[in-house]
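Contents: one structure, followed by commentary.
Values quoted throughout were computed directly from the atomic coordinates according to the rules given, and no laboratory measurement underlies them. In this text, all values refer to a predicted model and were calculated from it rather than measured experimentally. Every residue, glycine among them, receives a Cβ derived from its backbone with ideal geometry; neighbour counts consider all protein chains shown.
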Amino acid sequence: MMNTQKYRDALMARLGELDTRLHAIEGALDSQKSKDWDEMAAEREDDEMLEHLGQSGQDEIARIRAALERIRQGSYGTCTGCGEQIAPERLDILPETPLCRACAAQQT
């Protein structure tokens, strides 16, 4: 059986980073907007980029929470696609991944 503590710690640390980043994005989106038309257009572009980053962060949070649930259930490190073990080297790089390299390659 795999020792999952280091992966749990990495996932929890990343969750904290994302939480901080999403709160900063939320604050920026809620900030006072300019009344100048040129500045408003630039701010709108910035807001769209921030919204995209926020959505990306929320998607990553969902993947991390799913990985933490797999740790709790004892299925962490097992590919949800084929049932084979995920290589520890892959988990070191992508601790939230539910798929082995072969199954991930099939999805792209």
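Amide H to amide H distances under 5 Å link Gln85 with Cys79, where only residues 5 or more positions off or on other chains count and H is placed in the peptide plane. Going by neighbour counts of Cβ atoms within 10 Å, the residues Thr20, Thr97 line up, fewest first, as Thr20, Thr97. Taking 10 °C and 1.306 mPa s as conditions, the chain diffuses translationally at an estimated 100 µm²/s according to Stokes-Einstein applied to its Kirkwood radius (Cα pairs).
Rounded to the nearest 10 degrees, the inclination of helix 37-73 to the longest alpha-carbon principal axis of the chain is 20 degrees. The angle between the Cα long axis of helix 5-30 and the longest principal axis of the Cα atoms of the chain comes to about 10 degrees, rounded to the nearest 10.
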